[in-house]
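The values are calculated or read from the model by the stated rules, or taken from the named source; none is laboratory data. What you see is a predicted model, and the numbers here were worked out from it, not measured in a lab. Virtual Cβ from ideal backbone geometry, glycine too; neighbours counted across all protein chains shown. Only protein heavy atoms, including side chains, enter the accessible area calculation; ligands, DNA and RNA are left aside. Shrake-Rupley method; radii C 1.70, N 1.55, O 1.52, S 1.80 Å.
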Amino acid sequence: MESNIICILITIIAYLVMMVIIGILCSKKMSSVNDFYLGGRKLGPIVTAMSAEASDMSSWLLMGLPGVAYLSGFADAGWTAIGLALGTYVNWLIVAKRLRIYSQKCSNAITIPDFFSNRYRDNNHVLMGISALIILIFFIPYTASGFAACGKLFNSLFGLDYHAAMILSAVIIISYTSIGGFLAASTTDLIQSIVMTIALVILVIFGIQTAGGFDAVIDNAKSISGYLSADRIHNATGGSSSYGFIKIASTMAWGLGYFGMPHILLRFMAIGDTNKVKTSRRIASVWVVISMGVAILIGFIGNTLSANGSIAALSGSSEAETVVIKMATVMSEHSVIAALCAGLIFAGILACTMSTSDSQLLAASSSLSENILNGVFRLKLSQKASMLSARLVLIVIALVSIVLAWNPNSSVFQIVSFAWAGFGATFGPVMLTALFWKRSNKWGALAGMIAGGITVFVWKFVIRPLGGALDIYELLPAFIAALAAIIIVSLVTAKPDKEIIDEFDDVKKCMRNA
């Protein structure tokens, strides 16, 4: 095995071992299911901010976004990043503190389905059951896409069999998550966000030097039709096409997804001190803006390196997503130090994937164990049995995800895009109205979830393929349909009980005093 590959392998192994050690250390701080799924609501501001954003970005940050920028230039990648940055900031600004207070007021809810059920006093647990099923429907394939990304990375780097590499990656993620629970996932996410940041910085410095300087990158981008334009997009034919208002609105709609992402909302519920939310918001917002901006720049740099022959030209979205891998591989051939730095970049790709997969595993596990088995079917388990059940369910869900990730040709970006739309449309409007609209009721919430979920599927597979003005990211129309359903159904059905109204007013009062 070549020396550069050995250095990369050593770096990645050291990183993976560190993740498992963190899981073991965090397991010593757990004594209940509340600790396993929500870390005892003790997360500090830095861990809260960085674990939320690391779990959000997934492999999309170091693979998907640079790939889009590499192929088509600024418009598609840029407007997506702007939408996500705005969504991140607004979510922290209006949802974080209120959800933390409200979820504790609602019988100390520890999952999103718990919160919806307790908020609307859904004694029959219909809301809980449906929202838990939604989490399973969208998170299992989402987790599978993460396992697949890890498998592709090891296969590309070391020539390992895709299936063996994918299973090995899944075992590592399962290990530290099942051992240490939410605290382990959040702590490792903090470490992973640091690794991602280092990887981005190293790659930009190397890329600009290899490209011949920043001016060379800009000159290359200017020479490509529509590449730097905000209202045109470079296409495969070598020309460019219009990127109009409807397309921009559709792309920026990615930001709406934040209001419904369980793995991000759970971080808000786990905040230790509500007075530190502002600090977390600032850290999270700055990191997201900088990291996405750098990821887009890496796509531009990669295109320049293809133009000057430093890396092979990449065609199609699947190949373009490997631009970071290609750049880091070239970098590893320069020296031992460069190979170790390349190892950090590959660890960064793993970090992006693992930080999302662990959070998704926990959210899916809590949905099945806490909400379906304990909530809907009312199984009464001791604390010890509940902890064992939580871990077993997590492992079962991971195994199902491995089966779904068995096809090495599955598209990571497409799965992430659809799952993001699914959560944003089914949970986002319900979460916002639950937190801010006193008149909303359980029938409206139920109607919103169903309308959002159905619209996502119908728009994705029936309406959007028609093209033209209907070629809109399914999250936007589904979000609007869900919000309309909540408002209409809530207004034509009975008002919430006085107990629910009083609790809403109490939360509002707590927000003023916080």
| task | State whether one or more residues within the stretch 231-242 are touching an Asp or Glu at 6+ places or on another chain (Cβ under 8 Å), without any contact (Cβ under 8 Å) to a residue 40 or more places away in the chain and closer than 30 Å to Arg464 by Cβ. | result | yes
| message | On the basis of being at pLDDT 80 or above and more than 17 Å from Thr143 (Cα to Cα), does Val376 make the cut? | response | no
| said: As an exercise: evaluate His125 against (1) in contact with a helix residue (DSSP H, G or I) (Cβ under 7 Å, 6 or more places away or on another chain); (2) closer than 27 Å to Leu228 by Cα and give the number of the one condition it does not meet. | reply: (2)
| said: For the list (1) open to solvent by 10 Å² or more (accessible area, probe 1.4 Å); (2) modelled with pLDDT of 75 or more, I need the number of the one condition that Cys106 fails. | reply: (1)
| request: Considering each residue of the stretch 402-416, count those that are modelled with pLDDT of 80 or more and under 18 Å from the mean Cα position of the chain (by Cα), and give that number. | output: 0
| request: Name every residue in the stretch 135-151 that is buried (at least 24 other Cβ atoms within 10 Å of the Cβ) and over 15 Å from Ile172 (Cα atoms), in order of residue number. | output: Ile135, Phe138, Phe139, Tyr142, Ser145
| message | Looking at Leu203, Leu190, can you tell me which residue is open to solvent by 20 Å² or more (accessible area, probe 1.4 Å), out of contact with any Leu (no Cβ under 6 Å at 6 or more places or on another chain) and among the aliphatic types (A, V, I, L, M)? | response | Leu190
| task | Among the residues of the stretch 444-487, write down those that are at pLDDT 95 or above and among the hydroxyl-bearing types (Ser, Thr, Tyr). | result | Thr455
| query | Which numbered condition trips up Thr197, out of (1) part of a helix (DSSP H, G or I); (2) free of Cβ contacts under 8 Å to residues at least 60 places away in the same chain? | reply | (2)
| query | Among the residues of the stretch 452-473, is any within 21 Å of Met128 (Cα to Cα), out of contact with any Leu (no Cβ under 9 Å at 6 or more places or on another chain), part of a helix (DSSP H, G or I) and not small (Gly, Ala, Ser)? | reply | yes
| request: Inspect all residues belonging to the stretch 66-74 and state whether any of them is touching a strand residue (DSSP E or B) at 6+ places or on another chain (Cβ under 9 Å), outside any helix (DSSP H, G or I) and surrounded by 24 or more Cβ atoms within 10 Å (Cβ to Cβ). | output: yes
| task | Take Ser156 and decide whether it is assigned to a helix (DSSP H, G or I), open to solvent by 30 Å² or more (accessible area, probe 1.4 Å), more than 30 Å from Asp273 (Cβ to Cβ) and not β-branched (Val, Ile, Thr). | result | yes
| task | Would you check if there is a residue in the stretch 429-440 being over 29 Å from the mean Cα position of the chain (by Cα) and either buried (at least 20 other Cβ atoms within 10 Å of the Cβ) or farther than 18 Å from Gly255 by Cβ (or both)? | result | yes
| note | Of the conditions (1) small (Gly, Ala, Ser); (2) crowded, with 22+ Cβ neighbours inside 10 Å; (3) modelled with pLDDT of 75 or more, the single one that Gly129 does not satisfy is (2)
| Which residue, of Arg281, Arg267, is modelled with pLDDT under 90, crowded, with 17+ Cβ neighbours inside 10 Å and of a type in the set (D, E, K, R)? | Arg267
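Quick grid of which residues meet (1) over 24 Å from the mean Cα position of the chain (by Cα); (2) closer than 24 Å to Lys509 by Cβ:
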residue: Arg100; (1), (2): no, yes
residue: Asp114; (1), (2): no, yes
residue: Tyr120; (1), (2): yes, yes
residue: Met128; (1), (2): no, no
residue: Phe138; (1), (2): no, no
residue: Thr143; (1), (2): no, no
| Which members of the stretch 38-65 meet the condition of being of a type outside the set (Val, Ile, Thr), surrounded by fewer than 24 Cβ atoms within 10 Å (Cβ to Cβ) and either modelled with pLDDT of 75 or more or in a helix (DSSP H, G or I) (or both)? | Gly40, Arg41, Gly44, Pro45
| said: Ala469 - would you say it is open to solvent by less than 30 Å² (accessible area, probe 1.4 Å), in contact with a helix residue (DSSP H, G or I) (Cβ under 8 Å, 6 or more places away or on another chain), among the small types (Gly, Ala, Ser) and touching a residue at least 12 places away in the same chain (Cβ under 8 Å)? | reply: no
| request: Output the number of the condition that Ala307 fails; it satisfies all remaining conditions of (1) closer than 28 Å to Ile172 by Cα; (2) open to solvent by 10 Å² or more (accessible area, probe 1.4 Å); (3) at pLDDT 85 or above. | output: (1)
| remark: In the set Ile191, Ile134, the lone residue that is at pLDDT 80 or above and in a helix (DSSP H, G or I) is Ile134
| Is the stretch 465-476 home to any residue that is more than 13 Å from Ala425 (Cα to Cα) and touching a Gly at 6+ places or on another chain (Cβ under 8 Å)? | no
| field | Single residue of the stretch 325-363 satisfying the filter (in a helix (DSSP H, G or I), of a type in the set (Gly, Ala, Ser) and modelled with pLDDT of 70 or more) that is nearest to Gly64 (Cα to Cα) | value | Gly348
